Amino acid sequence: MVFFVILILSFASGYFLPWWIVALISFLTTLIIGRTAKGSFWSGFAAVLIVWIVLALFKSVPNDHIMATRIAHLFMLPAWGYILAITGIIGGIVGGVSALSGLWLRQAFQKH
């Protein structure tokens with residue numbers, strides 16, 4: 001459930017809001033409905049990774065990956081796909097850590 005909520009909200013906001021909104025979405029989602037640390041981190045990581053790769057492809061495919069290829073060459077990478085993978089991993093880390101932080105905040109204020 002956490003995965004799908006983060007995925008849908010992040011994708012819907014990806015065109016209109018700044019990049020860091022995925023961190024807020026992941027944080028608030030697990031603050032409200034997160035269950036375990038492992039599940040929260042991996043749900044946030046996977047959802048944001050998928051969203052960022054899909055959004056990057058939506059931007060890159062229409063121009064035949066010209067900009068992504070140039071950035072890949074700037075970083076001495078052989079192809080544009082590496083830039084796509086790095087983008088997804090960075091987004092995934094942001095989403096995963098934010099989701100984990102939301103869960104930990106809720107756990108910190110729960111009665112034990």
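The values are calculated or read from the model by the stated rules, or taken from the named source; none is laboratory data. These figures come from a predicted structure and were not determined experimentally. Every residue, glycine among them, receives a Cβ derived from its backbone with ideal geometry; neighbour counts consider all protein chains shown. Note: areas computed on protein heavy atoms with side chains; ligands, DNA, RNA excluded. Shrake-Rupley method; radii C 1.70, N 1.55, O 1.52, S 1.80 Å.
A few notes on this one:
- 3J(HN,Hα) along region 88-100, derived from phi through the Karplus expression 6.51 cos²θ - 1.76 cosθ + 1.60 where θ = phi - 60°, amounts to x, 5, 4, x, x, 5, 4, x, x, 5, 5, 5, 5 Hz, with x in place of Gly and Pro.
- Exposure ranking of His65, His73 by accessible area [1.4 Å probe, largest first]: His73, His65
- Using alpha-carbon coordinates, inclination of helix 21-33 to the longest axis of the chain, degrees: 30
- Computed over the chain, the per-residue total of -39500 (n - 2.57) for DSSP H runs of n ≥ 4 gives a 222 nm mean residue ellipticity of -26500 deg cm²/dmol, rounded to 500.
- Acute angle (nearest 10 degrees) that the helix 2-13 long axis makes with the longest principal axis of the chain, alpha-carbon atoms: 50
- FRET efficiency for the pair Leu77 and Ser13, taken as 1/(1 + (r/R0)^6) with r the Cβ-Cβ distance and R0 = 22 Å, rounds to 0.15.
- R0 of 35 Å, Cβ-Cβ distance Phe4-Ile66: FRET efficiency to nearest 0.05: 0.55
- Residue-level accessible surface for Ile32, protein heavy atoms, 1.4 Å, Å²: 130
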